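Inspection log for the structure reproduced underneath, given as structure tokens.
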Amino acid sequence: MRAPREAEEGVKYHCEESRRDDAAISKQPLSPKSLIGDPVNMSSPKSLIGDLNKESHMKLIRLICLILYYGFAQYLPSSYLRGCAIFGKIRSIICKPLFGYCGKNVRVEPLAFFHSGRNISIGDDSSIGERSRILGKVTIGKDVMMGEEVIIMTQNHNFERLDVAMCQQGFQKEEPVTIADDVWIGARVMILPGVNVGKGAVLAAGAIVTKDVPEYAIVGGNPAKLIKMRK
């Protein structure tokens, strides 16, 4: 049976990142120290071999978890349904090795997409909403609620040149997104590159967030504007 498109994209992204890491290592200039090795490590070759084995082991675990999530776990029912909390726990267990950092009691709802997940950091008791898409380096704090179909982006296409098709101009420099603790992100909110969302903020459903959001602010609209402060 043909693997789902999401599984293919996630595995491909994981493999491309691994190849870039290997290429970066191979391009490093050689030096006497790199050829001979660290004197401390020379006395403990087993430690070096153990580190390499551990790294390979972790890559294998991540690859297996990617296949399990995109091929199976993402289709399990929502954890919000009566008696279906176990499905949310299954997704959380599978996703934990994928994220750069994953806190306690993190909830990942069905059909959430996040490429390989290695650039995502998510704190305790936070969630990724159903059918949401997180693309790039994103930091999510603790106690963050996320509604359905939220999109978080950290890059845009280049479009400055008129003599080259926009689809061939590549991407702009990545601008990470940071979401502080205790934030409520409503359904179908879109957060654009470089945005910082302050602690305790509320992003109303359907908001297009293009600028930083102050702490305890309630914003909404397209583009999102301040509605009022919570305090």
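The values are calculated or read from the model by the stated rules, or taken from the named source; none is laboratory data. Please read all numbers here as calculations on a predicted model, not as lab measurements. All Cβ positions, even for glycine, are placed from backbone atoms using ideal geometry, and neighbour counts span all protein chains on display.
From the list 7, 3, which residue is surrounded by 10 or more Cβ atoms within 10 Å (Cβ to Cβ), at pLDDT below 90, touching a Gly at 6+ places or on another chain (Cβ under 7 Å) and in a helix (DSSP H, G or I)? Checking each option against the conditions leaves just 7. Look at region 76-90: where a residue is within 10 Å of residue 108 (Cβ to Cβ) and a partner is part of a loop (DSSP other than H, G, I, E, B) and of a type in the set (Asp, Glu), sitting 6+ places away or on another chain with Cβ atoms under 8 Å, you get 79/109; 88/109.
Could you please let me know if residue 163 is without any contact (Cβ under 8 Å) to a residue 40 or more places away in the chain and in a loop (DSSP other than H, G, I, E, B)?
Yes: the conditions hold for residue 163.
Restricting attention to region 56-92, the residues being closer than 18 Å to residue 125 by Cα, surrounded by fewer than 18 Cβ atoms within 10 Å (Cβ to Cβ) and out of contact with any helix residue (DSSP H, G or I) (no Cβ under 9 Å at 6 or more places or on another chain) number 4. For region 149-160, the set of residues classified as in a loop (DSSP other than H, G, I, E, B) and closer than 19 Å to residue 211 by Cα consists of 150, 154, 155, 156, listed by residue number.
Among the residues of region 126-148, just one is assigned to a loop (DSSP other than H, G, I, E, B), in contact with a Pro (Cβ under 9 Å, 6 or more places away or on another chain) and not charged (D, E, K, R), namely 136.
Taking region 168-203 as the range and being surrounded by fewer than 18 Cβ atoms within 10 Å (Cβ to Cβ), part of a loop (DSSP other than H, G, I, E, B) and free of Cβ contacts under 8 Å to residues at least 40 places away in the same chain as the test, the residues that pass are 169, 170, 172, 173, 174, 175, 198.
Residue-by-condition table, conditions (1) modelled with pLDDT of 95 or more; (2) more than 24 Å from residue 176 (Cβ to Cβ); (3) assigned by TED's automatic domain parsing to the domain that holds residue 139; (4) assigned to a helix (DSSP H, G or I):
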| residue | (1), (2), (3), (4) |
| --- | --- |
| 78 | no, yes, yes, no |
| 81 | no, yes, yes, no |
| 86 | no, yes, yes, yes |
| 90 | no, yes, yes, yes |
| 93 | no, yes, yes, yes |
| 110 | yes, yes, yes, no |
| 116 | no, no, yes, no |
| 121 | yes, no, yes, no |
| 124 | yes, no, yes, no |
